[in-house]
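Trainee: Right, I'll just put the structure down here and ask away after.
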Amino acid sequence: MRRLLPLLLSTAFRLALWCLLTSDLSRLNLLIGLVVALLLPRARSRPLPVRLLLKAAGRALLAIPQAYLEALRLIVAPGVVELETSEPATDRALPLLVFLDVFRITLTPFTIVLGLEDGGRRYRIHSLLPAAAPEASEP
């Protein structure tokens with residue numbers, strides 16, 4: 001039972017991707033997709049800590065509305081300013097957590113992860129931010 005649940009979940013996910021890619025829900029296409037989903041090799045990885053996974057998934061989901069807000073700010077901004085920052089990285093031994101972190105960072109408009117620095121403990125991030133509105137000068 002312990003191995004059956006991950007097998008069912010990964011097969012269902014792969015079948016869903018197959019259906020999205022082919023845009024066909026006929027019985028034959030579903031059967032082909034099921035065969036492909038079962039024949040693709042499975043990744044071997046250690047179990048993920050649920051707490052870290054939920055935290056990373058929550059941060060990634062919260063990044064979606066933030067990305068829309070930043071896009072609107074960039075549309076109405078008079079210009080952009082380049083900025084290079086760094087952010088703490090998650091455990092590099094867990095590829096899913098690294099993917100969720102990089103996804104969260106690069107989802108926002110004009111932001112990209114340039115790489116790792118400080119021995120792999122921080123992401124180096126390049127971003128374009130809206131320029132500050134010019135302040136009114138007092139006479």
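Trainee: Under the rule of -39500 (n - 2.57) per DSSP H run of 4 or more residues, summed and divided by the residues of the chain, what mean residue ellipticity at 222 nm is obtained, to the nearest 500 deg cm²/dmol?
Mentor: Helices in the chain give a 222 nm mean residue ellipticity of -17500 deg cm²/dmol.
Trainee: Also: With angles folded into 0 to 90 degrees, how steeply does helix 27-39 sit against the dominant principal axis of the chain? Use alpha carbons for both and round to 10.
Mentor: 80
Trainee: Relative to the first principal axis of the alpha-carbon coordinates of the chain, what is the inclination of helix 50-76, with its axis defined by its Cα atoms, in degrees from 0 to 90 and to the nearest 10?
Mentor: Helix 50-76 sits roughly 50 degrees off the main axis of the chain.
Trainee: Grab every C-alpha pair in the chain, bin the distances at 5 angstrom width from 0 up to the longest one, and report whole percents.
Mentor: The distribution over the chain is 2, 8, 12, 13, 14, 13, 12, 10, 7, 4, 2, 1, 1, 1, 0, 0, given as percents.
Trainee: Please report the relative contact order for the chain, taking Cα pairs under 8 Å with a sequence separation of at least 6, and give it as a percent rounded to a whole number. Working shown, then result.
Mentor: Details: 135 pairs, mean separation 30.6, N = 139.
Once divided by the residue count of the chain, the mean separation gives 22 percent.
Trainee: While we're on this one: Using only the alpha-carbon atoms, how far is helix 4-22 inclined from the longest principal axis of the chain? Give it as 0 to 90 degrees, nearest 10.
Mentor: Taking the Cα atoms of the chain, the angle to 4-22 is about 70 degrees.
Values in this text are rule-based calculations from the coordinates and carry no lab data. Owing to the predicted nature of the structure, the values given are computational and were not obtained by experimental measurement.
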